[in-house]
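Colleague: This is the structure I have questions about; it appears just below.
Every read-out reported here was derived from the displayed coordinates using simple, explicitly stated rules and does not represent laboratory data. Not measured: the values here are computed from a predicted model. Backbone-built Cβ (ideal geometry, glycine too); neighbour counts: all protein chains shown.
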Amino acid sequence: MSVAISVRLPDNLACALADVAANTERSKSFLIQKALEAYLEEQADLQVALDRFKDPTDDIISLEEMRVELDR
């Protein structure tokens, strides 16, 4: 199932979207969907990182400790 959503874009963004759509032979809807999926995934990753950063029980290690740990 899909839902139609209407958005207003500034002229420069709409032109850039149209250019990318033409150059990639993809629809504007496809490109907007992929961009939104990527954005939402990034936001989810950011929230996980912030939650871990704020968790006092989650150990914080130095960059040097991480390098040693990864070289094993």
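Colleague: What are the residues in segment 44-72 that are basic (Lys, Arg) and either part of a loop (DSSP other than H, G, I, E, B) or in contact with a Leu (Cβ under 7 Å, 6 or more places away or on another chain) (or both), if any?
Modeller: Kept after step one, since they are basic (Lys, Arg), are these residues of segment 44-72: 52, 54, 67, 72.
72 - this is the single residue of segment 44-72 that is basic (Lys, Arg) and either part of a loop (DSSP other than H, G, I, E, B) or in contact with a Leu (Cβ under 7 Å, 6 or more places away or on another chain) (or both).
Colleague: Same structure, new question: Scan segment 1-19 for residues that are surrounded by 11 or more Cβ atoms within 10 Å (Cβ to Cβ) and either touching a residue at least 12 places away in the same chain (Cβ under 8 Å) or in a loop (DSSP other than H, G, I, E, B) (or both) and jot them down.
Modeller: 9, 17
Colleague: Restricting to segment 25-42, name every residue that is in a helix (DSSP H, G or I) and loosely packed, with under 11 Cβ neighbours inside 10 Å. Please lay out each step first, then the result.
Modeller: Initially, segment 25-42 is screened for residues in a helix (DSSP H, G or I), giving 28-42.
Residues satisfying the conditions are 37, 38, 39, 40, 41, 42.
Colleague: Based on what the data block shows, is residue 22 surrounded by 10 or more Cβ atoms within 10 Å (Cβ to Cβ), part of a helix (DSSP H, G or I) and under 21 Å from the mean Cα position of the chain (by Cα)?
Modeller: Taking the combined requirement at face value, the residue does not satisfy it.
Colleague: Could you check, for segment 43-59, whether at least one of its residues is surrounded by fewer than 10 Cβ atoms within 10 Å (Cβ to Cβ) and in contact with a helix residue (DSSP H, G or I) (Cβ under 9 Å, 6 or more places away or on another chain)?
Modeller: Yes, some residue in segment 43-59 is surrounded by fewer than 10 Cβ atoms within 10 Å (Cβ to Cβ) and in contact with a helix residue (DSSP H, G or I) (Cβ under 9 Å, 6 or more places away or on another chain).
Colleague: Another question, then. Condition check: out of contact with any Pro (no Cβ under 6 Å at 6 or more places or on another chain), among the acidic types (Asp, Glu) and at positive phi. Does residue 69 satisfy that? Break it down into steps so the answer makes sense when it comes.
Modeller: Values: out of contact with any Pro (no Cβ under 6 Å at 6 or more places or on another chain): yes; among the acidic types (Asp, Glu): yes; at positive phi: no.
In short, no.
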